[in-house]
Structures are given as structure tokens and as C-alpha cells.
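Peer 1: Structure provided below as C-alpha cells; questions to follow.
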Amino acid sequence: MKVALPLSPVAILSLICASAALGAEGASLSDSKIEFNRDVRPILSENCFYCHGNDPNHRKGKMRLDIREEALKKEAFVPGKPGESELIDRLDSTDPDDLMPPADSHKKLTPQQKEVLKRWIKQGAVYQEHWSYGKLVKAAIPAGLNGVDFLVQKRLSEIGLKPSPEADRRTLIRRLYEDLLGLPPTPEEVVAFEKDASPDAYARLVDKVLKSPHYGERMAIGWLDVVRFADTIGYHSDNPRNIWPYRDWVIKSFNDNKPFDRFTIEQIAGDLVKDASPETRIGSAFNRLLLSTEEGGAQAKDYEQRMLTDRVRAIGAAWLGQTTGCAQCHDHKFDPFTQRDFYSLGAFFADITEPIIGRREDGMVIATPAEEKQLAKLDAALDQAKKKFEAIRPQLEAALKQWEADLKIYSVTLPELRDGAKAASADVQLAKKTAAALAKEPGKRNRKELDAIRDYFSAHGTDLFQPEREALAKAQKARDDFYNPLPKCIVSVSNSQKRIVRILPRGNWMNETGEIVKPALPHYLPQADFGGRELTRLDLAQWLVSRDNPLTARTVMNRLWKQLFGTGLSKVLDDLGAQGELPPNQALLDRLAREFMDSGWDMKHMVRTIVTSAAYQQVSTATPQLLAADPYNREIARQSPFRLDAELVRDNALAVSRLLVEKIGGPSVKPYQPDGYWENLNFPARTYPTDTGEAQYRRGVYTWWQRSYVHPSLLAFDAPTREECCAERTRSNIPQQALVLLNDPTYVEAARVLAARILSECHADDDQRIAWAWQQVLQRDPSDEERKTMADLLEKRLAAYRNDAKAAEELLEVGQAPAPADLDKAELAAWTHIARILLNLHETITRS
Amino acid sequence: MFPINPTSLNRRAFLGKATRGLGSVALASLLRPSILQAAPAHGVLQTLPYPQKAKRVIWLAMAGGPSHLETFDPKPKLAEMDGQPMPESLTKGQQLAQLQGQALKCFAPQYPFAKYGKNQTEICSLFPQIGSVLDEICLVRSMTTDAINHDPAHMFMNTGSQIAGRPSMGSWVTYGLGSDAEELPGFVVLTSLGKGGQNQPIAARQWSSGFLPSKYQGVQLRAKGDPVLYLTNPPGIDRDQQGGDVEAINKLNRAHDALVNDSEIATRIAQYEMAFKMQASVPDLMDLRSEGAKTLELYGCQPGDGSFASNCLLARRLAERGVRFIQLYHKDWDHHTNLKEGIAYKAQEIDRACMALITDLKQRGMLDDTLIVWAGEFGRTPMSQGGSGRDHHNKAMTVWLAGAGVRGGLVYGSTDDLGYAAVENVTTVHDLHATMLRQLGIEHEAFRFKFQGLDARLSGVEGAKVIKDILV
């Protein structure tokens, strides 16, 4: 029922307010052009698409508003005539049955939003293709200008803002180092840069940074988050798996500037590429990064489904910037992604060989040619020994049978179990097991029991063929001793017997009535022509980084922007769909994405393009006017300060104390962790084997990633558990961070080692020493207030430790690094407080 | 209700605004630290649509999956059919865990049931102490869950989803309501381990804040070592020195703020103050020696024994201090074998403690606004596993609730004669969450957070219902 209501005075007033609010942003409402993607889609998506969108099963009244023709067919609105449009009527209906959105949705449009919809219909109700699915347009840039700056400034002048001045040299070098290396510059590097008057000083600095092997470590952190790299399987027992070589592969790929298209292809199909090599196969470990279980009672079908869905979500998160998880059960409600798309995408991975339940296999052995040769030799020797043993096995089996019969006939008690027997406890254990097994009917013995009998018989029951048996044991041991320590990595191995993939009704794996699907690309995105053959992972990988696919480049550049500015150009990093955000500066994101493709997916080129822009080099402080106009810095009229990522907080402390071991790659390491933190892990129960020596002081990117108990000091600084793909870490500011920086032995040790550096490397008075310490950590001189605060505190602490030698000693014993014997303990303990305060400063853990 | 986006924290904007030009928030925080505490006194929900009957929740998580058949759901028929084949009509085509594909035989309840309370409700005779307070308790015998393995089932019970990365219910609640605890986290977790089990693992994700800001994550209080990770001063640094160092750090941070005008700095200063206070308040909380002998006797625990009973007493102390959500895990209810012996251990460990918690809260007038929930992550099969145990089971389990407007003495819902499936008033985990939120004053359908484009809710999207019949 349509009832035209005259506008109440309140409604008129709110309309005036609405106009005023919009007017403040530039043009007044009456003459502003409403744009579907910018103004209308967010309103419809948030309030309407849930019931009137892409999902037919949940669609109410067969009405869909996400496609113009469909909406028109159902007369949702009359273009040009908001007064005659049902959509508008429904918004203000007084009849609860007609009101949209309905009360039980708990959604409500603001007067401004309603006004936007009216204006939009008045202007003809024009739709636009969703911004991120459209072709990438490369905005023209006047010759000689930096594309980033041109587009940032174009936008700023449109909205009446001005860029901020360039940051000082110290800030610039610290920013660049933290963003691209994750390590601070040394005071000497800062001074050299400050003094470098040549016009290309900054450009050369960028070149130097991009050549550093630490660049790959820094860039890897974000990628390892988004692909959910971790050392353990995740579910239940959360046991280890062999995976760290993949992490090193990522680091190396960034350092070698492997083109991003190739980087992609090797991860999804490194086993299928023509030039497959051990290296590309390690890349394909990507397909194995998901969660798995060893829990008893887990059903293969259940976990087969979990693994499929896990993989689809990963492709969506890492490359497409599309949320896909909901399509496990039903068509996406906001985006065109269907349930069929979901399972068809999952079907690309149906060829991967893997145990669905249970322990992961050892994986591919990573060996040098010489090691491979040696392993082959040992394997051959083992084969030989086995063959020889096989030849004698029948005789041994016969002897075993005879032995067992004899034991029975003569009621023999095994010697180890006789009264007064003197045997090693392992032998007694084995004898006990054997006796128990022998007591059972031969046909009813289980595997373990049969093994026990065999082992006992071999060791104590017979002298037959001793040389052959010893040769076999020796060959086995030689091979194992060589094989076990070799690095291994679970990788993708294609199986011609693919798993059958069905659409699971409501995601229910027990329902096998759904249609069987073949691998297929999401139907709403530009397709490639494969001539009707069955698609493979390689096809998927190539399509993800083809020029036809507009999403990958946008998604990756958006994340890169976030790394360098603190917020993405589109702020929702994992969703470039309808519920994400139209970037305020879409031309900029699109240009970066196109240039990324055009450059041959050259990541270092893109990093260089952005960090050499004036936009990147602005100060991160804001004037009150700028803060009022753009509080969240979405317009890039300045840089943003933000806290360092979890790993880098620690890296920084290790670097300035010079504890850091700058080795690249290798097995994951276990730095100090509170005792008992793993007490709730089991199967097996585990204690944390704290590393000693070099391994204690490696960068955070190498820290052992135990999914169900991520290292607590990393967790406090928002390191994700990597159970699910994480495109964006939260950045919190919580008391646990203070507790970590104050009390974690990692930081206490770093403070006392830094204190030792102050005393042994700076031979001067206290005031100069304070200044020297400030240079080491912050690469600037302390202010008068800082000097005085520290001097006063130093005096107090020194007096206290002079009075309490034991306290000084206790403090100096924290951590593994020895305290230099030649330093006065009270003095060293007192300076430890100065160093500690420095490591705790907000400025120290902030990139500005 | 309009939950805020974590990346555009309004609170942060507020701080920034107040700091600018005045530099006064830092000062204010020294005078009145509660305005900047870790979890704000007020959550994102400015107004509540329902009366807040529960001010806090104590959730007793019986990890491993207690058998409803040896706790709260009497099944004489199952006893009669002991050893006989399970009727196929019940089990055909259904999901089982370790028993999948095996011959299914009935397994009688291992202990007799007895009558308690004014309604003479039957519960297992292993739990006489709980029986003595049964008039405060509402048994829900018709609970079901979606998951059948421990890890996903815990996730489902805690977050309403089997996919990792969702916020735990304690995070949701503190996010929505904040916390009245000035010097403690708003969401606290304790674990305990008794006798006779295999110590099933529990992942920290069970109390993770998922996609909500990290400040809403559950903080584990530990019986051994630092009660909160990194709580204790480094050796050789006393409390005065720690305070002096924190003061110096904050002083220098304030000076830096005057230069760069970054609203995060005011928050960081407040967090250092909070951390320093926690260093005193947490040990004080954990020290049960200040409790009278009578109280210790009521609970049946000794200070520092790390038992479930101790944790129940700690839960009361946390509740008194304004903590919003307290979750106690007691492990090893996973009785695949030796159920008879194993469940007796569990009963010994929790029976008196549960009674004591209810009694203690009641005598302090706190039961009226404290919601207690007792629940495993799933139930167990009426079929035997290996002749002495029961397998995981998701079609039937019993949970109970007490306090905060829950109808005591009530039995809600029932299972079939053999305890295989809930048949009357079938309830789901989502219903339980919705009911809990209702008692906290929250409309579960409107309590949401935008995540990956969706309005994520603790109570899911499949249509949860508040179990109104169990509420006063």
C-alpha cells in the first residue's frame, strides 16, 4: 500500500540538516552529482543486499536491488521520480509490514542516506560496475611528475587541502629503515644521510635499502600473515610440521625481486610449472599452510571439507581481496560470488596429495647436490641390506615360530623377568611387553604386540644370521643419521586421482547430494579462454596474475600502501567487494595497480615509486586544521605515525643493544618464553626448549610460530595466530605491552647489554653518556628535560645498587649474555635502568 | 546500537581531541585513571534494550565433554538395554567420532541417580553437593552442538563458529559492556587439571578476541609462575624502582607528546599506569590466604593448590572486583575409556566447588546479578566405546545455569529414552549465547561487528532464540 505523506516539520528540518552536512564536504546537495559506487552502493549493501542481493535462497519477495534491470523489473523505483518509487516509500513507511529495512534487521537509514537515495533516483538511478571489478585505468600523468604525487595532490586540491612539508632527514631514514628493513639505522648512518647534500641522497638511500638482505625479511612478515604461515598444524595437538623452508623462500623471493606473477605461480603451482625445480616446489608449500588435525575421532570427510574451505578463503584473502567464507553455505549476500564459485575454486586443489587426518608427511628433502648423492648412496646401501635380509627372513620367521613353541612347551619365563634378574630397565620393559603379547592367541595380537615379540626375539632370542641383521641395522642407522637432520618441507604433489568435489548444501559435509563440480574461475570475473579443457592449479595461478584479472594488483598494492602509510587506500584490506570501501582516491590505487602489472609485477619498482614520492616523505604530525579536516589521514596530506609490528619491536631492541644476530634464514628459533606457557598443549605434552647462543638473538620473523600458543610477547603486540589468513593486524595499545617491555627477559637483557655498551663504548661523563645512549636508540640528542630526568634517576639507582650489591647482581644475571667482568656492577645495573627506559619509550617503538 | 570499527576507535578520537591544546588528558589520567583503563567502564553499547539482570558471567567450561548420562540426565531405559544393540533407527547416517562404522551397543549409566531439591529432580548420585543447591540451578537437558571433535567444538561453544579467528564470548561481552574492574582485565580465564585423564589440549584461541581489538582478549591467570605473563618485576628491581622507571617513561612520553601531538601517547601512558597497578592488584587477588578458614573449607581448597575449587574461589574474588567475564576450564572429561573411574574423579573435583560458588555468591548477595553457566563442549554417546567409555556426541548434552534471573529448580528440555538425541525443546549453542546476552541486557541480533563485510554476531546468522522459558 502506497501512502504519500506530507513532510512533517521535523522531516523538513532534518532534510535541511542533511543538505548542510553534505554541503560541508564541498558541493551543496541540490547540485551535487550522486555517484552510485561512492554514495549509493554502500547504503544499499549495508541495508538492503542481505535480503535483496546476490543470494537467491535468502532473497525476500524475489526483489533484488544489486542489478538495475532486476530492480526495474520489480518496479523498485522509477528513475527520475523518487516520489513514485516504492523503495523511497518503504523507507518511511509507518506500516511495520512495509517498512524497510524491517525492524528485526536492526538497520536504519539516516536522513542523509535517505536523501542520497532520493537524489540518486531523481538523477536517473544510474548504476555503476563495482569499482574493483572494473578494468584498471591508468590515469595520465604529466611528463616528469611522480604519479603518486600528481594523483594525491589532484585529490587534495579538489577537497581544498594542502600537503604537509617534508620530514627531516633523521625521520626519513628512520621511517625508510623501519618500513623496508624493520631495523633502525645506526647513528652513523643517520649522520651520513643528514650531511649528504647531493640532490640524489634520498634516492641513493632507497637503492641501498632495497639491496639489503633485511628487505626480504621485512617484506615477508606481511605475506606470511596473509598466507597464514606457522610452524604447527593448528588443531588440537598442534604438532610441528616441516615448513620453515617456505618462509626462507618468501624472504629470498622478495630479496631477489622475483616478479610477483612468478611469485604467485610458484606458490599455487610450483610443482606444475614446466621448469619445476626444488625451489619452485618449496614455493608450492603455500598449498600446505592450512590447518590440519591429528585428533582421534576426526572424520576424513569433515576435514577434507575444512581444508577445501580453508584454501578457498586463502586465495580470496591473499590475491583477490574477496571475502569468500560465507559462500561455503550459501551464495554471497553482497558480492556476486556464488556457492558454486566457492566449491569450483576449491576443486582446483583436489589433486593435492596429503593425509587428510593425522601427521603430515616429512615432505621434500632439501639437499645440496652432494647431499643428494650421499643420501642416494645410503638409500642404495640400505636397499641392498634389506634385500639380503629378505632372503633370510623366511628362515628367521621359522626360527621365531620354533622359539615361541619352545617357550610354551617348556613354560620358559623370559630371563629378564626372572627373580633376581639383573637387566637394563629397557630390556625388562621389552621383556614384559613380549611376555604379555606371547600370552595372547597368535591371531589376536595387535601390531605393537607383534613388534614387541619380533624385537625381543631379534635382540635376545636368536644368534641366527647375526651379520646380516647387523648390516641391516647399521645401514638403517647410517641412512637415518644422515637423513633426519636434512631440512624438509611439505610441498604440493599432484595426484592424478583427484578428490571428488561437490557443492555441499548448507556447507554440510555429511550431505552428499550436491552437484559435483570441476575447477572453475569465479563466474563474475573476466575469464580466460582455456578451450574447454579441465583446469589445473597452474591455470588458476596464471589467471590470478593475468592482465584480465583486475583484483590481484589492486589487492596487493592496497596492502603495500598500508605498510608504507599505516592505512590502505581502501581501508578494508581483505574486502574489495561491496562491503569494503570505495577508495577515496581510486585513481591512485588503480594507477599503482596498472603500473605494477606494466612493470612486469616488479615489487621493488613499486616500493621505490611510492617511497620516493613527496607524499611518503611528508611529516607525520598534523596541524589542528588538518586534523579536523581529515582526522584519519585518508587523504594523505601528511604521513601517519604508527607502532612497530610485534616482531620489529623486539628486533629494534636487539639491534640497538647489538645482540641481534643478522643471519638470514634457517629453522625457526625459540627465544625466551615464560615457563608453563605451553602447559595446555598435549599429545605429546611439551616443554619449551629455549634456544641458546645465536638462535636466541634472531629476528622475530624466525620465531617459532605455535598456532595455538603464539609467543606471548609477540601476541601482546598483535602478532596474529595465523590460523586464518590475516591481511591486516590490529594495532592495539594495551597494558600487556608495558609488562612485556618492562619485564620480559628479552628486553631486560637487551637493556643491560645496551648499558654495557654505554659504559664500555662511551668514555665520558654521565651527561655525555646519556646523550650517546639517546643517539644509539633514537638517533637524536636528548632534550634538557630528558637529560635531567635521566641524570636524577641514574644517581638514585646508583646509590641503591651501591647499597645492595645482590640486587645489582640479580639484575645482571637476566638472560644468557654474560655481563662484562670489567664493569662495575652497581654502575652497570644503574645504567640498565636508563637503557630500559629508552627501550620503553613510545618514540622507540613508533615509526613516525 | 552501532558498534564502532576498531580502526577508527572513537575513544581514540576523544583522547586526541581532549589532548590537543591542553595536554591535560595525561594529567587527568593520573588523577582519575579509570577514564583510561584497559577495557573502558562502558563498552560500545551505550544503552541496553533489556534490564541488565546479569552484571557478570562465570562460565564453568568442563573441557573434554562430560557425559550427560553420568551427570544430569537419568536414563533408566538405557540401563535396561545395557549391552544390547543400539536401535539403528536412532543412529543411521549420523555423524559419530571414533565409533564411526563400528557396531553400536548400549552402555548403561555407570552410577545411580538420586532425587534432590524441592522438585525432587534426579541427578547422578555422584553430585550430592550440587544436588543440595539444585533449587538455584536450571538444568537444560536438550542442548546440542554442531561440532564433534574437541577443538572445533570448543571454538563453537566459545565463538559460535567452528572457524578460527572469531572473538570468544568473553571478548564480545567486554567489548559490548566494558568492565567495572579498575585494575584487572575485563575478561579472565583460569584453567585446572584434575586426576585420571589425558589432559586434552586447549588452545589460547578459545579466549582470543579474534577480530575485535586485542584489549578484549581473555587474560589467563596462572596458578604457577607469574599469575599474568610478565607480571613480576625483573630480579634486582623493586617496586619503588619499577614505579620510578614507569614514572620516568611516562614523563618523557608526555614531553614527546607535546612535540608530536599523537593521541596514542596518552593511551600508552595510561596503559603503563594500569600495568604498574596490575603488578600489585593481581598478586593481591591471587592470594587466598586472606580468605577465612570457613570459606576455604566451604570450597574445599588450599591456597595455591591450583585446583578447580581454588579457581571457583578466585572467580568469586574476580566477580567482587568487577571483572565482567570469568571463564574456568576444568579439563579431562574425555572419557573414551574407564568412564566409571574417571567421572568419579571429576565429581570429586567439582561437586563441592560448584556448590560453594553458588552458596558463597548467594550469601554475599551476588548470585542475583551473576550468571553461572556450566557446560562441556559436547555430550557423550549412550553407546559404549571399548566396553568402558563413551564417544563424543553432539546431539545431546546437559548444561546448567544459575543466578541472574534464571529459574532455579527447573528442568528444561529432554532427550529420548536412551539419551541419544534431544527431542523436546531442543536448544543450540547459539540459543545459549542469545540467552546469556539477554540476561546481560543485550539484544543478540543487534549486537554485531563488521568483519569481512558481514555483520558478525556471537549468536550466528542461522536464527538463534532466547530460551525464555528458563528465565524468571
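Peer 1: How many residues does segment A:30-46 hold that are crowded, with 20+ Cβ neighbours inside 10 Å and within 14 Å of chain B (Cβ to nearest Cβ)?
Peer 2: The number of residues fulfilling the criteria is 3.
Peer 1: Would you check which residues across segment A:293-340 are closer than 18 Å to A:Tyr133 by Cβ, of a type in the set (S, T, N, Q) and surrounded by fewer than 23 Cβ atoms within 10 Å (Cβ to Cβ) and list them?
Peer 2: If the condition is that a residue be closer than 18 Å to A:Tyr133 by Cβ, of a type in the set (S, T, N, Q) and surrounded by fewer than 23 Cβ atoms within 10 Å (Cβ to Cβ), then A:Thr338 is the only one that fits.
Peer 1: Hey, can you tell me all the residues within segment B:264-288 that are more than 7 Å from chain A (Cβ to nearest Cβ) and not aliphatic (A, V, I, L, M)?
Peer 2: First, pick out the residues of segment B:264-288 that are more than 7 Å from chain A (Cβ to nearest Cβ): B:266, B:269-270, B:273, B:276-277, B:279-288.
The answer is B:Glu273, B:Phe276, B:Lys277, B:Gln279, B:Ser281, B:Pro283, B:Asp284, B:Asp287.
Peer 1: Would you point out which residue out of A:Leu754, A:Leu714 is more than 9 Å from chain B (Cβ to nearest Cβ), assigned to a helix (DSSP H, G or I), in contact with a strand residue (DSSP E or B) (Cβ under 9 Å, 6 or more places away or on another chain) and closer than 26 Å to B:Gln271 by Cα?
Peer 2: A:Leu714
Peer 1: Just give me the residues in segment B:186-206 being modelled with pLDDT of 90 or more, within 23 Å of A:Cys726 (Cβ to Cβ) and out of contact with any Phe, Trp or Tyr (no Cβ under 7 Å at 6 or more places or on another chain), in sequence order.
Peer 2: Correct list: B:Gln206 only.
Peer 1: If you don't mind, there's one more thing I want to ask. I'd like to check which helices (runs of 4 or more DSSP H) are fully inside segment A:589-687 and have at least 2 residues that are over 26 Å from the mean Cα position of the chain (by Cα) and without any contact (Cβ under 8 Å) to a residue 40 or more places away in the chain. Break it down into steps so the answer makes sense when it comes.
Peer 2: On the way: elements: A:603-611, A:624-629, A:646-656.
The helices (runs of 4 or more DSSP H) meeting that bar are A:624-629.
Peer 1: Still on this model: Inspect segment A:192-209 for any residue being within 20 Å of the chain's Cα centre (by Cα), in contact (Cβ under 8 Å) with a residue 60 or more places away in the chain and closer than 21 Å to A:Met606 by Cβ and give the result as yes or no.
Peer 2: no
Peer 1: What is the residue count in segment A:795-804 for residues that are small (Gly, Ala, Ser) and at the interface with chain B (Cβ under 10 Å from one of its Cβ atoms)?
Peer 2: 1
Peer 1: Taking segment A:552-568 as the search range and keeping residues that are touching an Asp or Glu at 6+ places or on another chain (Cβ under 9 Å) and within 14 Å of chain B (Cβ to nearest Cβ), which one is surrounded by the fewest Cβ atoms within 10 Å (Cβ to Cβ)?
Peer 2: My answer is A:Lys562.
Peer 1: Same structure, new question: I need the full set of residues from segment B:53-78 which are surrounded by 16 or more Cβ atoms within 10 Å (Cβ to Cβ) and part of a helix (DSSP H, G or I), in order please. I'd like the intermediate steps shown before the answer.
Peer 2: So in segment B:53-78, the residues surrounded by 16 or more Cβ atoms within 10 Å (Cβ to Cβ) come out as B:53-75, B:78.
Passing the criteria: B:His68, B:Leu69, B:Glu70, B:Leu78.
Peer 1: Identify all residues within segment A:729-745 that are charged (D, E, K, R) and either closer than 9 Å to B:Tyr230 by Cα or touching a Gly at 6+ places or on another chain (Cβ under 7 Å) (or both); write none if there are none. Steps first, please.
Peer 2: Going residue by residue through segment A:729-745, those that are charged (D, E, K, R) are A:729, A:731, A:744.
Matches in segment A:729-745: A:Asp744 only.
Peer 1: Which residues, taken from segment A:390-445, are of a type in the set (Gly, Ala, Ser), surrounded by 12 or more Cβ atoms within 10 Å (Cβ to Cβ) and either modelled with pLDDT under 85 or part of a loop (DSSP other than H, G, I, E, B) (or both)?
Peer 2: Those that are of a type in the set (Gly, Ala, Ser), surrounded by 12 or more Cβ atoms within 10 Å (Cβ to Cβ) and either modelled with pLDDT under 85 or part of a loop (DSSP other than H, G, I, E, B) (or both): A:Ala421, A:Ala423.
Peer 1: Considering each residue of segment B:155-204, count those that are more than 10 Å from every other protein chain (Cβ to nearest Cβ) and in a helix (DSSP H, G or I), and give that number.
Peer 2: Qualifying residue count for the region: 13.
Peer 1: Follow-up. Quickly run through segment B:188-242 and pick out the residues that are within 30 Å of A:Ala808 (Cα to Cα), within 16 Å of the chain's Cα centre (by Cα) and surrounded by fewer than 22 Cβ atoms within 10 Å (Cβ to Cβ). Full working, then the answer.
Peer 2: Initially, segment B:188-242 is screened for residues within 30 Å of A:Ala808 (Cα to Cα), giving B:221-242.
The next check asks that each one be within 16 Å of the chain's Cα centre (by Cα); those that pass are B:221-222.
Of everything in segment B:188-242, just one residue is within 30 Å of A:Ala808 (Cα to Cα), within 16 Å of the chain's Cα centre (by Cα) and surrounded by fewer than 22 Cβ atoms within 10 Å (Cβ to Cβ), namely B:Arg222.
Peer 1: Test each condition in (1) under 30 Å from B:Gly460 (Cβ atoms); (2) more than 14 Å from chain B (Cβ to nearest Cβ); (3) in contact (Cβ under 8 Å) with a residue 40 or more places away in the chain; (4) not in a loop (DSSP other than H, G, I, E, B) for A:Arg90 and report the one that comes out false.
Peer 2: Unmet for A:Arg90, out of (1) under 30 Å from B:Gly460 (Cβ atoms); (2) more than 14 Å from chain B (Cβ to nearest Cβ); (3) in contact (Cβ under 8 Å) with a residue 40 or more places away in the chain; (4) not in a loop (DSSP other than H, G, I, E, B): (3).
Peer 1: So which residues in segment A:318-352 are modelled with pLDDT of 95 or more, assigned to a helix (DSSP H, G or I) and hydrophobic (A, V, I, L, M, F, W, C)?
Peer 2: A:Ala318, A:Trp319, A:Leu320, A:Phe342, A:Leu345, A:Ala347, A:Phe348, A:Phe349
Peer 1: I would also like to ask the following. Can you spot a residue in segment A:731-738 that is farther than 30 Å from B:Ser161 by Cβ, part of a helix (DSSP H, G or I) and modelled with pLDDT of 95 or more?
Peer 2: Looking for residues that are farther than 30 Å from B:Ser161 by Cβ, part of a helix (DSSP H, G or I) and modelled with pLDDT of 95 or more, one finds at least one in segment A:731-738, hence yes.
Peer 1: Which of the following residues is buried (at least 19 other Cβ atoms within 10 Å of the Cβ) and modelled with pLDDT of 95 or more: A:Arg638, A:Arg608? Full working, then the answer.
Peer 2: Details: A:Arg608 fails: buried (at least 19 other Cβ atoms within 10 Å of the Cβ).
The match here is A:Arg638.
Peer 1: For A:Asp55, state whether it is touching a Gly at 6+ places or on another chain (Cβ under 7 Å), in contact (Cβ under 8 Å) with a residue 24 or more places away in the chain and buried (at least 19 other Cβ atoms within 10 Å of the Cβ). Spell out the reasoning first.
Peer 2: Details: touching a Gly at 6+ places or on another chain (Cβ under 7 Å): no; in contact (Cβ under 8 Å) with a residue 24 or more places away in the chain: yes; buried (at least 19 other Cβ atoms within 10 Å of the Cβ): yes.
No, not satisfied.
Each row is one residue, and each column tells you yes or no for (1) β-branched (Val, Ile, Thr); (2) under 20 Å from A:Leu569 (Cα atoms); (3) within 12 Å of another protein chain (Cβ to nearest Cβ); (4) surrounded by fewer than 18 Cβ atoms within 10 Å (Cβ to Cβ).
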position: A:Ser620; (1), (2), (3), (4): no, yes, yes, no
position: A:Leu627; (1), (2), (3), (4): no, yes, yes, no
position: A:Pro631; (1), (2), (3), (4): no, yes, yes, yes
position: A:Glu662; (1), (2), (3), (4): no, no, no, yes
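Peer 1: I would also like to ask the following. Considering only residues that are more than 19 Å from A:Asp765 (Cβ to Cβ) and part of a helix (DSSP H, G or I), which ones fall in segment A:802-828?
Peer 2: Passing the criteria: A:Asn803, A:Ala805, A:Lys806, A:Ala807, A:Ala808, A:Glu809, A:Glu810, A:Leu811, A:Leu812, A:Lys825.
Peer 1: Mind checking which residues of segment B:243-263 are at the interface with another protein chain (Cβ under 7 Å from one of its Cβ atoms) and either at pLDDT 95 or above or surrounded by 22 or more Cβ atoms within 10 Å (Cβ to Cβ) (or both)?
Peer 2: Hits for segment B:243-263 are B:Gly244, B:Asp245, B:Ala248, B:Ile249, B:Lys251, B:Leu252, B:Asn253, B:Ala255, B:His256, B:Asp262.
Peer 1: Would it be correct to say that A:Ala541 is closer than 30 Å to A:Lys498 by Cβ and either buried (at least 18 other Cβ atoms within 10 Å of the Cβ) or over 23 Å from the mean Cα position of the chain (by Cα) (or both)?
Peer 2: Yes, satisfied.
Peer 1: Taking only segment B:103-138 into account, find how many residues are touching a Lys or Arg at 6+ places or on another chain (Cβ under 9 Å), hydrophobic (A, V, I, L, M, F, W, C) and part of a loop (DSSP other than H, G, I, E, B).
Peer 2: 4
Peer 1: So, one more: Return only the number of the condition from (1) of a type outside the set (Asp, Glu); (2) touching a Phe, Trp or Tyr at 6+ places or on another chain (Cβ under 7 Å); (3) farther than 30 Å from B:Thr174 by Cα; (4) in a strand (DSSP E or B) that B:Arg141 does not satisfy.
Peer 2: Status for B:Arg141: all satisfied but (3).
Peer 1: Additional query: Please state which one of A:Glu761, A:Glu723 is more than 25 Å from B:Tyr272 (Cα to Cα) and within 10 Å of chain B (Cβ to nearest Cβ).
Peer 2: A:Glu723
Peer 1: Could you tell me whether any residue of segment A:785-794 is facing chain B (nearest Cβ under 8 Å), within 30 Å of A:Ala695 (Cβ to Cβ) and among the hydroxyl-bearing types (Ser, Thr, Tyr)?
Peer 2: Checked against the condition, which is being facing chain B (nearest Cβ under 8 Å), within 30 Å of A:Ala695 (Cβ to Cβ) and among the hydroxyl-bearing types (Ser, Thr, Tyr), segment A:785-794 yields no hits at all.
The values are calculated or read from the model by the stated rules, or taken from the named source; none is laboratory data. What you see is a predicted model; the values in this text were computed from it and never measured. When we count neighbours, we look across all protein chains shown, and the Cβ atoms used for this are built from the backbone with ideal geometry, even at glycine.
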